[in-house]
Amino acid sequence: MNNDKYIKYIVENNNFNIDINKMDINGEYPIITAFNNNNIEILKYLLEHGGDCNTKNNNGLSLLMLAIDKSNYNMVKYLLQNPNINIYENDINGNSPLIKAIGQNNIDLVKLLIDYCIRNKIKIDINGKDSNGNYPLIKAINQNNFDIVFLLVNYGIKNNIDMNIININGNTPLTLSYKQGHLKIFKYLIKFININQKDTCGNTIIYYVIDNQDIEMVKNLISIGADINLKNVFNNSVLDHAISQGNIEMVKVLLENDNILLNEVNSQGETPLISIIKTIDYEMEEKEEIINALIKKGSKVNVIDKYGNSPLIYALRNNYSSISKQLIKAGAFINIKNNEGLSPLDYSIKSKNYEITSFIFDNSIDIYNSNNICFESFSQIIMDNKLNLFKKLVDDNFDINRIGNDGNTLLHYAISCGHLDMVKYLLRCGADKSIINYKGQNAATINMDCNRFNQTYRYIERLLIN
C-alpha cells in the first residue's frame, strides 16, 4: 500500500479515530506536511475530510498565505473555493493575503482574492497597510502594475471605499504615480481619485505637474476640476508656485481662469503682482505681459505687503520705468508711504530716474502733495541741479525751510553745490538764509567754505546780501 492509500485508509477507518487537525509527534499538522511535500492530492483529500483550511504552520503562516508565498495559483484557487477560509488572517509580520499577493506583483492572485470576496459578499480591506505602513494601492503604484491598480480602484468604487490615502512618505496616489512617471496609472487615477487631495506638504497634484512644466496636463487637470486657489502648508497658491518656476506660458494658462484669486498674499506676504515685479526669473517684456494680464483680471495695484511697499514702489526700486507707467495708468497711488516713510516719488528720485519722476507728477497732479516726498529726495534733486523738476514738485503745502537730519536746509545744499539758479529760486520762494545748521554754519559761511575758490562765490554772496 503506498502512502496516499495508507493515509486515506487511516482517515476513513473509524477504528483509528484520527483527528487530522492535531499536530503529530513532530509538532506538525498533517495538512501542512502535505503542502510542504507538494502533495496536492493528499492536501485536497484532507481538506475534503474535515481538515481545517485555516491551519497554520509553526511560523504562524496559514495554508492560504503559504500558497500565496509560493505563487501557487492552483492551490490558492482551490483554497478560495472554501467559503470559510479566513482572508483577514495576517502573517506574523502583519501582512494580509492581499498585501502578500500584491507584494508578489501577481495580478492573478489578487484577482482570485477580490473575486472570492465579491462572490461571498465579504468586504476586503483594500486600505489595510502592510508591516511597513504601505497601502495596497500604494504598493501597486510603486510596482507600476496597472492591472492591480485597476482591480483595487474598481473594487473601491463599487464598495464606496475612500482611496484618498497618503503613504508613509507623504504622497497621495496621484502625486506618487506622477512623480514616478507611471503615467498610464496616473491618467487612470485622475478619473476616480480626488485631484484636490493634498500631500503632507499641502501640495495637490497640480503643483508637481507645474514643476514638470507640463502645460497640457495642467490644462487637463483644470478642465476636470483642479482647484487653482488652494494653498499649501507654506501659504503659496498654485499661481504663486507657477510664478516661482519662471514659466510665462504656465502663468498665462492659470490666468485664463475666471475664478482665480489674484489678491491673496503668499508666504512672503506678497500678492502675485508684487511677486512678478520682484522676481528675476522673467524678461522685462514677459513681466509687462503678465502684469497687464493680472491687472485686467482684477489684480489690485495698491495692495501693500508687510513692509508697506506697493507694487509701484517695487517697480521704482528696481528702476522699471515701463512697469511703473503701467501701474500708474492703472491707478497706482503715488502718496502711499511704506514702513520707512518713503513714497513712490522718493524711490524714483533715489534711483535718479527723473524721467519717471516727471511722469508720476504729470499723471497725478490732482492728488499730488509735496509733503509725501521726504527731505532727502528734495535735497537729491537740488544736488543734481534739476531745477525744472524742483519747480514742478514745489506746491502750496511745501515748506521751503525744511531741515534735514544734519541741520541743513535745501538752501544750504544748493549753496554747497554752487548751483546759482537753484539758490536764486529758493531765495525767491522765501528760503531763510539765517538758519544755522548743526555745525554752526549759516548760508553765508557755507558759501565761504564751499565756493570761495570759484567764481560762484561772489554771485551767491551778492544774492545773500540783497
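Laboratory data are not the source of any read-out in this text; all were calculated from the coordinates shown. Just so we're clear, the structure is a prediction, and the values are computed from it rather than from any experiment. Quick reminder, even Gly has a Cβ in these numbers, built from the backbone with ideal geometry, and neighbours come from all protein chains shown.
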Listed peptides 314-322, 296-304 by packing density, highest first (mean Cβ within 10 Å) | 314-322, 296-304
Tell me, how many Å apart are the Cα centres for the range 276-311 and for the range 126-192?
-> 40
Taking the Cα-to-Cβ direction at Met383 and at Arg452 and moving 7 Å from each Cα, how far apart do the two end points lie in nm?
-> 2.4
Starting from the coordinates of the alpha-carbon atoms of the range 156-252, obtain the Kirkwood hydrodynamic radius over all distinct pairs and give the value in Å to one decimal.
-> 13.7
Restraint check, Lys111/Lys191; Lys191/Lys296; Lys296/Lys392; Lys306/Lys392, Cα-Cα greater than 30 Å | Lys191/Lys296; Lys296/Lys392; Lys306/Lys392
Sequence-distant lysines (8 or more away, or on other chains) whose Cα lies within less than 25 Å of Lys439 | Lys424
Could you name the aspartates and glutamates whose alpha carbon sits less than 16 Å from that of Lys198, not counting residues in the same chain fewer than 8 places away?
-> Asp162, Asp211, Asp227
So the pair-distance distribution of the range 67-175, from every Cα-Cα distance in 5 Å bins, comes to percents of 2, 12, 25, 26, 21, 9, 3, 1
Sequence-separation-based contact order of the chain, relative, with Cα cut under 8 Å and 6+ spacing, percent = 5
Find the relative contact order for the range 301-368 and round it to a whole percent, using C-alpha pairs within less than 8 Å whose residues are 6+ positions apart.
-> 31
Fraction of alpha-carbon pairs in the chain farther than 40 Å apart, rounded to whole percent, equals 54
Candidate aspartates and glutamates for bridging to Lys391, where Cα separation is under 12 Å - those fewer than 8 sequence places away on the same chain excluded = Asp421
How do 431-437, 450-456 rank on mean C-beta neighbours within 10 Å, highest first?
-> 431-437, 450-456
Going down the list Lys252/Lys287; Lys139/Lys187; Lys22/Lys56; Lys158/Lys187; Lys219/Lys300, which pairs span over 23 Å between their C-alpha atoms?
-> Lys219/Lys300
